[in-house]
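Take a look at the structure set out below.
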Amino acid sequence: MDRTNRHTRRNFIKLSALTTGVFSIGKFSAFASPKAEKPIVVSTWRNPDANAAAWKVLQAKGYALDAVEQGAHVPEANPKDTSVGYGGLPDREGLVTLDASIMDEKSNCGSVAFVQGYKHPISIARAVMEKTPHVMLVGKGAQQFAAAQGFKKGNLLTKESEKAWKEWLKKSEYKPYHNPGQHDTIGILALDANGKLCGACTTSGMAFKMHGRVGDSPIIGAGLYVDGEVGAATATGVGEEMIRIAGSHTIVELMRHGRSPQEACEEAIKRLISKRGEEKAKELSVAFLALSVTGEVGAYSTNNVFEYTQTTQREQVVIKSDSYFK
Ligand code: GLY
């Protein structure tokens, strides 16, 4: 199947008329080819409000790094989003622990992992990148740094998430592998009007994970990778799988060697599946999203549930990704 056909066969859902800011949902299928555009922002899953926040920056000819940070803030602050920031489902001890990373067009990067009590780990990650000689801070050290930087501390466990945790405790079964339809980590990639490409990734990680578990999102090269001369990639799903193949870095390297973002995402998913074996991989929800420095987008997932949100001057749409298992 050639790439054009693949794109025409996808389902597109138009979300907004960007000029009016009014959100409306209606199906359309006029998108005939993966047309490269700039500026552009893409994010994992159905995240129209995150994209709208990022678009505000991009439309004003702002910096892609500000765009992805502003975009990431939206689910981080949303108590109804149970896999990112405030309202995230806790670990087995009932503690919400957050991971995040951010990268700019020069491959400068910052990340935090296993952070408790701060709603916006993406901004702490950016501060690590911009204000320290390091790339990654974890746990208490990250929290000390956040306090010193003036970030506001607070309780992240909502009543709803606490209730879900107490319910989970009754059986205490950990089944991270099959979560069809689950809205997961947000990875957000933006190319601004000046051609600068940046990315961010933020999550509360797997619900009811072991205390201390860290997934792919804060691991540079696994959950996020950006090379401003080539492209960017981000991941969502079972983080252990992305870490095993350094998924996001793999995709950017494939793009460097001539693959389109779509081809690169497909190759990374196929590599992951070949390492796991098809039987086991069927149970895994893993997806990649990529954006080239020319504004071309690619996405691919293991199972048939992944969708992503794309915003350009023309429109804001939710696009159902192609997948290995149909
Ligand atoms: N992809 C998020 C995580 O595994 O933590």
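Please indicate, with yes or no, whether at least one residue in segment 51-72 is closer than 23 Å to Gly205 by Cβ and basic (Lys, Arg). Talk me through it step by step, then tell me what you get.
Going through segment 51-72, the residues closer than 23 Å to Gly205 by Cβ turn out to be 51, 53-54, 68-72.
Applying the additional criterion that residues be basic (Lys, Arg) yields none.
No, because not a single residue in segment 51-72 is closer than 23 Å to Gly205 by Cβ and basic (Lys, Arg).
Against the condition out of contact with any Gly (no Cβ under 7 Å at 6 or more places or on another chain) and within 15 Å of Gly205 (Cβ to Cβ), how does Ser101 come out, does it pass?
Details: out of contact with any Gly (no Cβ under 7 Å at 6 or more places or on another chain): no; within 15 Å of Gly205 (Cβ to Cβ): yes.
No, not satisfied.
Any chance you could count how many residues in segment 94-110 are within 15 Å of the ligand (Cβ to nearest atom) and among the polar types (S, T, N, Q)?
2
Regarding Thr311, is this residue buried (at least 19 other Cβ atoms within 10 Å of the Cβ) and out of contact with any Lys or Arg (no Cβ under 7 Å at 6 or more places or on another chain)?
It is true that Thr311 is buried (at least 19 other Cβ atoms within 10 Å of the Cβ) and out of contact with any Lys or Arg (no Cβ under 7 Å at 6 or more places or on another chain).
Among the residues of segment 269-289, which ones are outside any helix (DSSP H, G or I) and within 19 Å of Thr44 (Cα to Cα)? Walk me through it before giving the result.
So the first thing to find is which residues in segment 269-289 are outside any helix (DSSP H, G or I), and the list is 277, 282-289.
Passing the criteria: Leu284, Ser285, Val286, Ala287, Phe288, Leu289.
Of Glu241, Glu279, Glu266, which residue is surrounded by fewer than 17 Cβ atoms within 10 Å (Cβ to Cβ), of a type in the set (Asp, Glu) and either touching a residue at least 12 places away in the same chain (Cβ under 8 Å) or more than 21 Å from Ile102 (Cβ to Cβ) (or both)?
Numbers: Glu241 fails: surrounded by fewer than 17 Cβ atoms within 10 Å (Cβ to Cβ); Glu266 fails: surrounded by fewer than 17 Cβ atoms within 10 Å (Cβ to Cβ).
After ruling out the rest, the residue left standing is Glu279.
Out of Gly71, Gly88, Gly94, which single residue is touching a residue at least 60 places away in the same chain (Cβ under 8 Å) and under 13 Å from Ile188 (Cα atoms)?
Working: Gly88 fails: under 13 Å from Ile188 (Cα atoms); Gly94 fails: under 13 Å from Ile188 (Cα atoms).
Answer to the selection: Gly71.
For segment 228-252, name all the residues that are modelled with pLDDT of 95 or more and among the hydrophobic types (A, V, I, L, M, F, W, C).
Val230, Ala232, Ala233, Ala235, Met242, Ile243, Ile245, Ala246, Ile251, Val252
List the strands (runs of 3 or more DSSP E) that sit entirely inside segment 138-244 and contain at least 3 residues that are over 21 Å from the mean Cα position of the chain (by Cα), farther than 30 Å from Trp55 by Cβ and within 16 Å of the ligand (Cβ to nearest atom).
Details: elements: 186-191, 197-203, 224-227, 231-237.
Strands (runs of 3 or more DSSP E) meeting the threshold: none at all.
Is it true that Ala113 is crowded, with 23+ Cβ neighbours inside 10 Å, aliphatic (A, V, I, L, M) and closer than 26 Å to Ser292 by Cα?
Details: crowded, with 23+ Cβ neighbours inside 10 Å: yes; aliphatic (A, V, I, L, M): yes; closer than 26 Å to Ser292 by Cα: no.
Against the criterion (crowded, with 23+ Cβ neighbours inside 10 Å, aliphatic (A, V, I, L, M) and closer than 26 Å to Ser292 by Cα), Ala113 does not qualify.
Being in contact (Cβ under 8 Å) with a residue 60 or more places away in the chain and crowded, with 23+ Cβ neighbours inside 10 Å narrows it down to one of Val318, Val293, Val297, Val305, so name that one. Give the derivation first.
Working: Val318 fails: crowded, with 23+ Cβ neighbours inside 10 Å; Val293 fails: crowded, with 23+ Cβ neighbours inside 10 Å; Val305 fails: crowded, with 23+ Cβ neighbours inside 10 Å.
Being in contact (Cβ under 8 Å) with a residue 60 or more places away in the chain and crowded, with 23+ Cβ neighbours inside 10 Å holds for just one of Val318, Val293, Val297, Val305, which is Val297.
Taking segment 245-256, which residues are hydrophobic (A, V, I, L, M, F, W, C) and assigned to a helix (DSSP H, G or I)? Even if it seems obvious, please write down each step before you answer.
Initial filter on segment 245-256 (hydrophobic (A, V, I, L, M, F, W, C)): 245-246, 251-252, 254-255.
If the condition is that a residue be hydrophobic (A, V, I, L, M, F, W, C) and assigned to a helix (DSSP H, G or I), then Ile251, Val252, Leu254, Met255 are the ones that fit.
The values are calculated or read from the model by the stated rules, or taken from the named source; none is laboratory data. Treat the numbers as computed from the prediction; the structure is a model and nothing was measured. Reconstructed Cβ throughout: ideal geometry from the backbone, glycine too, with neighbour counts over all protein chains shown.
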